[in-house]
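To keep things clear, I will list the structure first and then write my remarks on it.
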Amino acid sequence: MSISLLLDNADPRIWAKLFKSGLFNGITTNPTLLKVAGQPCTLSNIKELVKKAKLIGCKELHIQAWGGNASEIKACGVSIGSLSSPEMQVHVKIPITKSGSEAARELINANFSVTFTACYEIKQVLIAAAIGANYIAPYLGRINDQGRNGMIELKTMQEILQRTNSNCQILVASLRSISEINHLASQGIKIFTINERLAQDLFNCEETLKASEKFEEDASNC
């Protein structure tokens, strides 16, 4: 698999606009993003969002389950994971807590795809690998905010998963700059979820824009 970019957003209007670029393979969401986008965090609304994601060609959608205990998280996760289809894989996001781990184990045993989220420490990849999660999402920017070197820690996470032959993949979240993606991609990490600002920044190259304008000018004067 080559680079896979996911859009970290819960607003279908933003989805439709940015998916036209061809950059994105999928979307990640969580209750906080839903709140920001004015989207109700309800299963009925999640079903509507899944329909809208399919219409724009989304191939994978990571939706966070919620609940006050492992049983509630599992039940929510089953409802979310059951929305998968041949056209679009729906992954169940779960915070990597003890109750989240309990729910994730049962979901994985029932053949649902699980993405552990809110990863802040290297040791948490051991949980993801041991349980058999499909993805784990470390929060790079927030790790750096704690005064630690997130780049080095994510590299260590990647080495642990590779050297233990784990099938779990790192899905980097809380990115602050394109240069972070460049560096991590050079270390073999392939999956990143980015916000609208970073998506726009990928195309922000003044010299390329000038060259494109010149090509168009010359084409019209041939």
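The values are calculated or read from the model by the stated rules, or taken from the named source; none is laboratory data. Here the structure is a predicted model, which means the values were calculated and not measured. With ideal geometry, Cβ positions are generated from the backbone for all residues, glycine too; neighbour counts draw on all protein chains shown. Side chains included, ligands, DNA and RNA excluded: accessible areas come from the protein's heavy atoms. Shrake-Rupley method; radii C 1.70, N 1.55, O 1.52, S 1.80 Å.
Summary table
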{"quantity": "At q = 0.10, 0.15, 0.17 Å⁻¹, base-10 log of I(q)/I(0) for segment 73-222 (Debye sum, equal scatterers on each alpha carbon)", "calculated": "-0.45, -0.81, -0.97"}
{"quantity": "³J(HN,Hα), Karplus 6.51/-1.76/1.60, whole Hz, each residue of segment 61-77, x for Gly, Pro", "calculated": "10, 9, 10, 7, 7, 9, x, x, 8, 4, 5, 5, 5, 4, 4, 5, x"}
{"quantity": "Accessible area per residue, Å², segment 123-194 with all protein chains present, probe 1.4 Å", "calculated": "46 Å²"}
{"quantity": "Carbon and sulfur %, accessible surface of segment 1-44 computed with the full protein complex present, 1.4 Å", "calculated": "57 percent"}
{"quantity": "Accessible area in square angstrom per residue, segment 4-81, 1.4 angstrom probe", "calculated": "46 Å²"}
{"quantity": "Charge context of ARG176, other residues only, Cβ under 14 angstrom, K/R +1, D/E -1", "calculated": "-3"}
{"quantity": "Ellipticity estimate at 222 nm from DSSP helix runs (n ≥ 4, -39,500 (n - 2.57)) divided over the chain, nearest 500", "calculated": "-14500 deg cm²/dmol"}
{"quantity": "Karplus 3J(HN,Hα) series, Hz, for segment 181-187 with 6.51 cos²θ - 1.76 cosθ + 1.60 (x for Gly, Pro)", "calculated": "5, 4, 5, 5, 5, 5, 9"}
{"quantity": "Whole-percent carbon and sulfur share, accessible surface of segment 89-222, 1.4 Å", "calculated": "48 percent"}
{"quantity": "GluC sites (Glu not before Pro) within segment 53-153: DSSP coil, no more than 12 neighbouring Cβ in 10 Å", "calculated": "GLU87"}
{"quantity": "Qualifying chymotrypsin sites (Phe, Trp or Tyr not before Pro) for segment 172-219 [loop in DSSP, other Cβ within 10 Å: at most 11]", "calculated": "PHE203"}
